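Q: Got a structure here, written out as structure tokens. Questions coming.
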Amino acid sequence: MRHKKLNGIILAAAFLGVLGYVLYTDGPENLLGMFRSIRPLWMGGAVLLMLLYWLLEGGILHGVIRIFHPGQRFWRSLRTSMLGQLFNCLTPFASGGQPVQAYDMVRSGVPLGAAGSALMIKFILYQISLTVYSALVLIFYWKPFSLQVSGFGWLVFIGFAVNALVMLGLLGICFFRRPARALALWLVQLGARLRVVKDPEAARVYLDQELERFHGSFAIIGGHKGVMLWQLFLCFVQLTVFFLIPYFVLLAFGIQELSPVLVVAAQAFVVMISSFVPLPGAAGGAEFSFHTFFEPFFPAGASVNPAMLLWRVITFYLPILVGMLFMATGSLEGKTSKGSALRASRQGD
């Protein structure tokens, strides 16, 4: 409970801090005038892209879950995805989404092993697509930005390295079972020596169980390669959709002659930097990196701050709001199902 309150305080402080900075820098009258000049068509397009991103997120998760639990309905997968969006935004390194998603799936009738396996495979697919996407952007589009953001380029490469190491670690566990187990046991021993791991034997048993479940899941999806390739393709489409949101935001503010490819590249760099900021929603880091990489798209004297604020509302605060609505819907469903069960038991009596 304390962690939730602390995260909420951090997010509120970050939003108020950014809003205060924008008001101080641009002035209330100028900011209000900029928002009044927004072109609704392009802004609506940005919101629709966010909706499409959520649908793709739900569709990818649904495609993976159905391998382990064929009876899953799309609405349940979408709801689980939106809960993941909510808690990813509320926790550092987006670490809170998967446990909540696993709980929601089990609550809806998915076996715990199937839920854990589906989330694990989904995460691997996302990490592969993000790392490959980032590598391509760095290779082909880093040069146009390198001179303009030379002082912050190292942050991009650190972010890419973090994502690449996560991907390689996951693939290493998939394909190199014995070395992965040996490394995991060595980490347990190291943790015990540093007094971080209090019960080494219990940790070893837990690791063996998780690795066994992981490899069992990996063996199952080996018979569904076509499905996996399709989900991986959808992950690339999903990332492109997300990276295009700033393009529509900039067009809404009247920024013309934009290159969609360069905007996508800039947003990919923002994601790379944000990935290792240890605060809920990468608070501060996301805004800073957006300002850094998107300022060159604006004419001299024009402020990037209103676009940054609106982009953050669409891609971060809107998922929190919609995720809370989905969570409330689930609570109502739970109460309804309990009420129905109680009435049925009374009728039976």
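The values are calculated or read from the model by the stated rules, or taken from the named source; none is laboratory data. Given the structure is predicted, the values throughout are model-derived calculations rather than measurements. Cβ coordinates were reconstructed from backbone atoms using ideal geometry, including for glycine residues, and neighbour counts include every protein chain displayed. Heavy atoms of the whole protein, side chains included, go into the accessibility calculation; ligands, DNA and RNA do not. Shrake-Rupley method; radii C 1.70, N 1.55, O 1.52, S 1.80 Å.
Q: How large is the Rg to Rh ratio of the chain when both quantities use alpha carbon positions and Rh follows Kirkwood? Kindly include the intermediate steps, with their values, before the conclusion.
A: Values: Rg = 22.3 Å, Rh = 22.2 Å.
My calculation puts Rg/Rh at 1.00.
Q: Determine ³J(HN,Hα), in whole Hz, for all residues of segment 119-135 in sequence, where each value follows from phi through the Karplus function 6.51 cos²θ - 1.76 cosθ + 1.60 and θ = phi - 60°; x replaces Gly and Pro.
A: So the J values, rounded to whole Hz, are 5, 5, 5, 4, 5, 5, 4, 5, 5, 5, 5, 5, 5, 5, 4, 5, 4.
Q: Shifting gears a bit: Measure off, as a whole percent, the carbon and sulfur share of the 1.4 Å-probe accessible area of segment 53-196, all protein chains present.
A: 70
Q: Additional query: Can you tell which of L125, L170, L147 shows the greatest fluctuation in a Gaussian network model of the chain with Cα springs below 10 Å?
A: Per the Cα network of the chain with a 10 Å cutoff, L147 tops the list.
Q: Relative to the first principal axis of the alpha-carbon coordinates of the chain, what is the inclination of helix 318-348, with its axis defined by its Cα atoms, in degrees from 0 to 90 and to the nearest 10?
A: Between the helix axis and the principal axis of the chain, the angle is about 30 degrees.
Q: Go ahead and estimate [θ] at 222 nm for the chain from helices alone: -39,500 (n - 2.57) per DSSP H run with n ≥ 4, summed, over the residue count, rounded to 500.
A: That calculation yields -27000 deg cm²/dmol at 222 nm.
Q: Right, something else. Taking just the alpha-carbon atoms of segment 149-295, what radius of gyration and Dmax come out, in angstrom?
A: Every Cα atom of segment 149-295 included, Rg and Dmax give 20.5, 62 Å.
Q: Can you give the Kirkwood hydrodynamic radius for segment 183-266, in Å, rounded to one decimal and based on Cα pairs?
A: Details: mean 1/r = 0.0578 Å⁻¹.
In segment 183-266 this quantity evaluates to 17.3 Å.
Q: Determine the relative contact order of segment 104-222: mean sequence separation of Cα pairs under 8 Å and six or more apart, normalised by residue count, in whole percent.
A: Dividing the mean separation by the residue count of segment 104-222 yields 27 percent.
Q: First compute the accessible area of segment 250-314 with a 1.4 Å probe, then give the percent of it belonging to carbon and sulfur atoms.
A: Of the solvent-accessible surface of segment 250-314, carbon and sulfur hold 66 percent.
Q: So what's the angle, to the nearest 10 degrees on a 0 to 90 scale, between helix 225-252 and the longest Cα principal axis of the chain?
A: Between helix and principal axis, roughly 30 degrees.
Q: About its Cα centre, what dipole magnitude does the chain give when the only charges are +1 on Lys and Arg Cβ and -1 on Asp and Glu Cβ, stated in debye to the nearest 20?
A: It comes to approximately 1060 debye.
Q: On a full-extension model of 0.36 nm per residue, what is the gain between L190 and I38, subtracting their alpha-carbon distance, rounded to one decimal in nm?
A: Going from the current span to full extension adds 49.1 nm.
Q: Give the residues of segment 169-201 whose amide nitrogen is closer than 16 Å to a point set 7 Å from the Cα of A219 in the direction of its Cβ.
A: 174-178
Q: Along the charge dipole of the chain, pointing to its positive end and built from +1/-1 on Cβ of Lys, Arg, Asp and Glu, which listed residue (W142, L187, L165) has its Cα farthest out?
A: L187
Q: Relative to the Cα centre, what is the charge dipole magnitude of segment 89-231, using +1 at the beta carbon of each Lys and Arg, -1 at the beta carbon of each Asp and Glu, and rounding to the nearest 20 debye? Don't skip to the answer; put the middle values down first.
A: On the way: 12 positive and 6 negative charges, 42 e Å.
Dipole about the Cα centre, nearest 20: 200 debye.
Q: Can you order the peptides 230-241, 198-209 by their average number of other Cβ atoms within 10 Å per residue, highest first?
A: On the way: 230-241: 17.8, 198-209: 12.8.
Result, highest mean Cβ count within 10 Å first: 230-241, 198-209.
Q: Quote to one decimal, in nm, the extra length available between F298 and A164 on full extension: 0.36 nm per residue of separation minus the C-alpha distance between them.
A: 45.1 nm
Q: Turning to a different aspect of this structure: Expressed in nm to one decimal, what extension gain is obtained for the pair L258 and K143 from 0.36 nm per residue of sequence separation less their Cα-Cα distance?
A: 39.7 nm
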